[in-house]
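Here is the structure we will look at.
Rule-based calculations on the coordinates, nothing more; no lab input. Nothing here was measured: the structure is a model prediction, and the numbers come from that model. Positions of Cβ are generated from backbone atoms using ideal geometry, with glycine treated the same way; all protein chains shown enter the neighbour counts.
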């Protein structure tokens with residue numbers, strides 16, 4: 001990004017957060033993951049920070065008959081709840097709604113038939129699911145009544161009942177991605193003929209859809225995101241030297257689309273997924289290079305895959321490739337998804353037998369102060385000492401256990417060994433507050449690190465230059 005260097009971001013080293021069963025999902029703002037196992041059984045896991053995960057709904061919440069429900073799309077419902085979509089096998093579309101991720105109610109998606117719900121997105125009062133449906137060709141505007149696999153959208157105002165529509169001129173496409181944006185909704189799909197061609201459909205209300213006149217030739221879409229007035233489709237383009245390269249198409253009106261490309265360190269690296277984190281689009285990508293010897297069955301000759309790549313963009317037009325991070329390495333990509341949670345980037349990817357979650361925080365490159373978490377309505381701020389700006393690097397010394405206490409308008413930390421207050425300087429962006437009569441220590445992304453009476457045992461950092469205070473820059477596995 002050339003003209004906004006003072007606002008660009010970088011990600012620190014990504015950290016492994018949790019191993020989950022295999023997944024097929026997207027992650028909304030509550031960092032909830034819908035997990036689909038190899039035998040098509042669905043569970044839901046949730047996390048407050050991307051590091052610690054809890055299973056909040058098991059298979060029985062979705063499948064009481066053992067039919068085998070596969071979850072493919074997860075979104076907020078535009079009204080504080082969650083929507084999960086999927087299918088039984090690849091033939092029966094299904095949808096569920098939940099107020100909290102724990103209790104789920106199956107929705108009425110209309111008449112049974114051959115199809116799947118693959119993606120879902122929402123705005124207040126309008127929820128759209130995107131998938132495919134076997135319907136006569138004439139339904140989608142083509143000639144003839146022969147049943148043909150076409151793209152479908154399912155619309156709901158509440159998530160309880162759904163109406164199905166067939167997208168115009170959509171026979172022979174594979175549903176790829178869907179997003180809500182300022183202009184309504186946008187969907188992208190790739191032709192199933194083997195040619196690398198993607199097409200777009202847009203709607204202002206989720207009910208009436210139009211196909212964008214021009215196809216995106218040479219572009220394979222993988223995901224969509226929306227930021228401000230712009231909607232962005234990310235994926236890959238054919239490249240004479242690299243094989244495949246990361247690319248995007250974006251629009252401010254849904255009709256005229258502009259192509260952009262991104263730099264890469266290795267051949268055959270593509271955008272796998274993208275999400276908005278704070279005011280930045282963050283995209284992750286991996287190597288899609290196929291080892292000829294591996295295809296021939298000689299697995300030992302497969303060359304090591306490079307670490308994953310991360311890009312940021314303020315507009316979907318200019319992409320900045322971040323420095324390589326050797327710890328952010330999937331070895332073998334499969335089903336990779338990224339989500340934003342405050343200033344935190346959460347990436348989930350499927351390995352053989354498990355899902356691995358990585359997380360990291362966006363940090364200002366210019367060292368300018370990053371705001372603390374906003375104060376909730378009715379909360380009272382407390383005083384703690386913090387760094388004036390983000391630190392470079394973090395010492396690896398440990399802070400002894402301290403108990404969180406309140407002293408007037410200050411939050412203080414008492415050594416459980418010596419029984420005396422510790423002089424602590426917290427990382428930039430930390431804050432303290434009183435909520436419902438209880439004092440809290442809060443991380444920059446809004447996570448409550450500890451409450452009054454808690455004992456903090458996993459803080460790390462080191463002494464400052466004067467040696468009279470311990471400077472905390474790590475809690476558990478999270479660097480600040």
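Over segment 125-246, what is the mean sequence separation of C-alpha contacts under 8 Å (at least six apart), divided by residue count, expressed as relative contact order in percent?
On the way: 294 pairs, mean separation 21.3, N = 122.
Computed value for segment 125-246: 17 percent relative contact order.
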Would you mind calculating the gained length between residue 229 and residue 106 on full extension (0.36 nm times residue separation, minus the Cα-Cα distance), in nm to one decimal? 40.9 nm
At 7 Å along the Cα-to-beta-carbon direction for both residue 396 and residue 415, put a label point, then send me their distance in nm to one decimal. 2.4 nm
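Please give the length that would be gained between residue 335 and residue 279 if that part of the chain were fully extended, namely 0.36 nm times their separation in residues minus their C-alpha to C-alpha distance (nm, one decimal).
Numbers: separation 56, 0.36 × 56 = 20.16 nm, distance 2.50 nm.
Contour length minus the Cα-Cα distance gives 17.7 nm.
Taking a ≥ b ≥ c as the square roots of the eigenvalues of the Cα gyration tensor of segment 137-242, is the shape rounded (a/c under 1.5), prolate (a/b larger than b/c) or oblate?
Values: a/c = 2.22, a/b = 1.14, b/c = 1.94.
It is oblate, given that a/c is not under 1.5 and a/b is not larger than b/c.
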Please report the relative contact order for segment 380-479, taking Cα pairs under 8 Å with a sequence separation of at least 6, and give it as a percent rounded to a whole number. 32 percent
Simple SL model, points at 7 angstrom along Cα→Cβ for residue 379 and residue 317; separation in nm is 3.7 nm
Under a point spin-label approximation (7 Å from Cα along Cα-to-Cβ), what is the residue 195-residue 54 distance to one decimal in nm? 5.2 nm
